[in-house]
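Structure record follows, encoded as structure tokens.
The values are calculated or read from the model by the stated rules, or taken from the named source; none is laboratory data. None of the values given here were measured: they were computed from a predicted structure. All Cβ positions, even for glycine, are placed from backbone atoms using ideal geometry, and neighbour counts span all protein chains on display.
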Amino acid sequence: MANPVWTGTLSFGLVSMGARLYSARERHGPTTHQFVKGTSDRVRYKRVNESTGEPVSQDDIVKGAQYGSDRDSYVVLEPEELERIQPVRSKTLEVEGFVETASIDPLWYASTYYVGPDKGAAKPYRLLCRALTESGRAGLGRMVMRGREHLVLITPQQGVLTASTLYWPDEIREPEDVMRPPSGEVEDKDLELAEQLIEAMAADWEPSQYTDEYERRLEELIEAKAKGSTISYEPEEPEEQGKVVALDDALRRSLQERRGSKGGGKKSGGSQRAPAPRRSQEQSSGKSSAPEQRSAPTKKELMARAKELGVEGRSKMSRDELAEAVDRAG
């Protein structure tokens, strides 16, 4: 079980319950480090005094903030002073109102956590989760976590509550601040073609169909290097770039190709597998130690095949389970 990142009280109205927040996401894949080129010496970073170059212990470090126009003007903030200005709600997540979930754009979301009930809080927890699901609304409140106050949105997901921290209004940039918005009008005929193309490319959201190809290749490269070899991949052939065509022609051709692919030929919505790695020619012994080219289908390929065959429950299956289900169905 994961450790909570925050423990406190979740309340709405006069109802309160003990709650814990758990990180809802985690990163996978190999971890790389920095080395001095040509050696196995790791590169390390140390806390040092800028003036003397001497190491500084963590106990001797305090925070400071710049003020005024002079870059060298700072005020030192002692830990006791920072603790005294903590808002009262440092251990409370109080819902101040309930908003329509669809009214908050994804642009506002920062991080998301699972909310777990503390002991004795199962009943109000289930009640709030069910009520939010039925109403289509989300609880909006504030909380303090890791030394900062956050706007928080409480929503039901997969039968549990989640808490998503939101950016503050002054942290959201306007489009005009970073780019020049496009001008001009959209023609009705182009809009109609674009809507038809979108409908023809409609797909179900099945996260298990998507995999990190870079991470897979990196793992294969690390395995090959550990055996004294290396691998590379054949460059993917770019799509032919013909002459520039009118927007409506491009839309029409795209629509025709998409409709044609559903009838036979290419698979609609399926993703092509990345090129297989080439064996290295760098070994002096002439005996390749690079990983053998994989012949077994990937989970993504199995998922696409399972979708074609209408295999139920495929999104929750492991790769081996998918292989068995595809064999049975096919």
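Observations on the model:
- No other residue among 126, 146, 142 is at pLDDT below 90 and either touching a His at 6+ places or on another chain (Cβ under 8 Å) or surrounded by fewer than 16 Cβ atoms within 10 Å (Cβ to Cβ) (or both) apart from 146.
- Among the residues making up the stretch 48-81, those that are of a type outside the set (Gly, Ala, Ser), closer than 28 Å to residue 149 by Cα and touching a strand residue (DSSP E or B) at 6+ places or on another chain (Cβ under 7 Å) are 62, 63, 66, 67, 74, 75, 76, 77.
- Where residue 132 falls short, out of the listed (1) among the hydrophobic types (A, V, I, L, M, F, W, C); (2) surrounded by fewer than 16 Cβ atoms within 10 Å (Cβ to Cβ); (3) modelled with pLDDT of 95 or more: (2)
- Within the stretch 9-43, the set of residues being farther than 12 Å from residue 116 by Cβ and either touching a helix residue (DSSP H, G or I) at 6+ places or on another chain (Cβ under 8 Å) or surrounded by 13 or more Cβ atoms within 10 Å (Cβ to Cβ) (or both) comprises 9, 11, 12, 15, 16, 28, 29, 30.
- Candidates in the stretch 170-225 are the residues that are of a type in the set (Lys, Arg) and assigned to a helix (DSSP H, G or I); of these, the one that is surrounded by the fewest Cβ atoms within 10 Å (Cβ to Cβ) is 189.
- Just one of (1) surrounded by 10 or more Cβ atoms within 10 Å (Cβ to Cβ); (2) touching a residue at least 24 places away in the same chain (Cβ under 8 Å) fails for residue 102. It is (1).
- Cross-chain or 6+ apart pairs with Cβ under 6 Å, the stretch 174-198 first and among the acidic types (Asp, Glu), then surrounded by 10 or more Cβ atoms within 10 Å (Cβ to Cβ): 190/247; 190/248
- Counting only strands (runs of 3 or more DSSP E) that sit completely within the stretch 1-102, those holding 3 or more residues that are touching a Pro at 6+ places or on another chain (Cβ under 9 Å) and among the hydrophobic types (A, V, I, L, M, F, W, C) correspond to 15-23.
- Residue within the stretch 15-31 that is at pLDDT below 90, more than 30 Å from residue 161 (Cα to Cα) and either of a type outside the set (A, V, I, L, M) or assigned by TED's automatic domain parsing to the domain that holds residue 133 (or both) present: yes
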